[in-house]
Structure formats: C-alpha cells, structure tokens
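Just below is one structure, and these are the notes that go with it.
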C-alpha cells in the first residue's frame, strides 16, 4: 500500500486490521492531550472533522459535551458500524465512510489522532496530506492533534510511521501558521516521550 488515493486497496487493508483485531493504535478511550484541548473550546457549534476516526472516542467525548457539529470519517466500514452501535444518538449523516483525500467539505477544526502517521511515508503522501488538510479548513481553521516523534525505519508496512518535528514542519509550513508544536507533556504512559502536540492555523 504505497499511495493514499487507492481507495479499494486502503479499504481492504484497514478492514482486515479490524477483522483480525490488529488495532494496536486504539487506546480504548479519548486521548488525554485532545481532551485537554477540547475542554478549552467554548463554542460547541463549530464544525469539527475527525479523519481516520476509527472507534472515534474523541467524537464520542465531543458529542457528550454538547458539540453538535462533529463529523467522523474513516475508509473502513467496521469501526464506523461499531461507533454507530455504541453511540446510537449520534447523527448518522455525520458518520462518513470514505477516503480522506476525496473528501470535499470544509471545517473549522480538524482533530488529528496520529492519522498522518498511518500513511506510508512517501514524499507524495506526506505532501498530499498537508495540502488536503489546508483545503478542508475554513478561513482561520485549525488543525490540532498528535504526531509520533519516532524515527522512520525504512519499513513501508509497519505502522505507525514516524518522523521528526522538523520534517513535519517542512510539510505543514507551506499551508499553516504554527501556533504550538512541542513534545506532548500529557501523553498516555506507553506513548510518553514519543508524541508531538500541535496547533496549526490555516495560512
């Protein structure tokens, strides 16, 4: 799986991961760094996208806090069905099965839960991610979330794929103003020291 835009190939890959219960990235709850950020948001009407949402614990947390305009997007149907069953009151038209790179709505906020680090780390994929994130945001929109601060090993299959702060900024700088991008101080124990927390505003 070397490109981001082969929808059938990606669907097959991620569906197999869920069927085989190979979901080591799933921490079983909303991420504390994202909870901390969410708790500071005053306007519960802002339009939020969570791409590569998986089991979408952050969306559940937002929904339970009264955020009404939250959208979850995943290329695999399995986690979205699980989410629907877990949160039956969540609006079904805000649960989207599709390829992130083909999505064309716009949002005030995109929450990134190491989604970037799920793609094979080719130059094309990483540039495409940054450009697409910019396109998905409204004026003054923000990209907020977590990126793995771990070395790339040259393996194009073993996820998550990491990188350095400098490398990530190289992709994001053409499209965003960096508000915060630092070592995460409140990661869960297994990820302590290996995550960067970032807030980026659309340029």
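With viscosity set to 1.306 mPa s at 10 °C, what whole-number translational diffusion coefficient in µm²/s follows for the stretch 134-203 from Stokes-Einstein and a Kirkwood radius over Cα pairs?
On the way: Rh = 13.0 Å.
For these conditions, the coefficient is 122 µm²/s.
With contacts defined as alpha carbon pairs under 8 Å and 6 or more residues apart, what's the relative contact order of the stretch 73-185 in percent? Intermediate values should be presented prior to the final figure.
Numbers: 117 pairs, mean separation 27.0, N = 113.
Here the relative contact order equals 24 percent.
Just order 135-141, 49-55, 31-37 by mean Cβ neighbour count inside 10 Å, highest at the front, would you?
Details: 135-141: 15.4, 49-55: 24.7, 31-37: 18.4.
So the order, starting with the most tightly packed, is 49-55, 31-37, 135-141.
Under 8 Å for C-alpha pairs, at least 6 residues apart: give me the relative contact order for the stretch 122-203, rounded to a whole percent. Before the final figure, lay out each step's value.
Numbers: 119 pairs, mean separation 31.9, N = 82.
Relative contact order for the stretch 122-203 comes out at 39 percent.
How would 119, 90 line up from fewest to most surrounding beta-carbon atoms within 10 angstrom? Please list the in-between numbers first.
Working: 119 23, 90 18.
Listing 119, 90 from fewest to most nearby Cβ atoms yields 90, 119.
Rounded to whole Å, give me the distance from the Cα center of the stretch 72-100 to that of the stretch 118-153.
Here the two parts' Cα centres lie 21 Å apart.
When the expected Rg is taken as 2.2 N^0.38 Å, what fraction or multiple of it is the alpha-carbon Rg of the stretch 64-158?
Numbers: Rg = 14.8 Å, N = 95, 2.2 N^0.38 = 12.4 Å.
Here the Cα radius of gyration is 1.19 times the empirical estimate.
None of the figures in this text is laboratory data; all of them are computed from the coordinates on show. If you're wondering where the values come from, they're calculated on a predicted model, not measured in any experiment. Counting neighbours? That spans all protein chains shown, and the Cβs are built from the backbone with ideal geometry, glycine included.
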